[in-house]
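> Quick one: the structure is below, questions incoming.
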Amino acid sequence: TQQDLSNLSNATQPLAGFRSSVVDVYDQETDAWSVMHLSTNRSNLMGTSVLDRYVLFAGGTRQVPEADLCGTLERSAVVDIYDTMTDTWKTSCLKVGRTSLDASSAGNSAIFF
């Protein structure tokens, strides 16, 4: 099937490495899926949740040669943070860009390694 890629930030090479900004969100109460978008297209990133409120997506492989908002190139340091209570996104940066990370949470902390 053909995908509608017009809303992706890197639509000129949409399937190269299957990098995407798409986050599929399942709502258990409505039994329905919705789509949200990360700040940049990436693959090989990791997500985790903290205290049933925040969902964090960190690192990943980028496709474009320009630096991302954290100043990293191929290996992203971007962390997209979704607040489920306010339905808002913000971003932060890892100390170094990484790809294919693992993640966990402990108390009110997210851990990426």
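> Which one, W89, A58, L38, is farthest towards the positive end of the dipole of segment 37-90 when Lys and Arg carry +1 and Asp and Glu -1 on their Cβ?
A58
> Need one number: nm distance between label points at S92 and D52, each 7 Å from Cα along Cα→Cβ, rounded to one decimal.
Taking the two extended label points, one gets 2.1 nm.
> F113: accessible area at probe 1.4 Å, nearest 10 Å²?
130
> Follow-up question, since we're still on this one. I need to check one value: relative contact order of segment 52-111, counting alpha carbon pairs closer than 8 Å and at least 6 residues apart, in percent.
Values: 109 pairs, mean separation 19.7, N = 60.
Averaging sequence separation for qualifying contacts and normalising by length gives 33 percent for segment 52-111.
> On to the next question. Quick check: at a probe of 1.4 Å, how many percent of the accessible area of segment 15-67 sits on carbon and sulfur atoms?
Values: 1730 of 3200 Å².
Using a 1.4 Å probe with all protein chains present, segment 15-67 comes out at 54 percent carbon and sulfur.
The values are calculated or read from the model by the stated rules, or taken from the named source; none is laboratory data. These numbers were taken from a predicted model, which means no experiment stands behind them. Don't worry about glycine lacking a Cβ; one is built from the backbone with ideal geometry, like all the others, and counts go over all protein chains shown. Accessible surface is based on the protein model in full, side chains and every heavy atom, while ligands, DNA and RNA are left aside. Shrake-Rupley method; radii C 1.70, N 1.55, O 1.52, S 1.80 Å.
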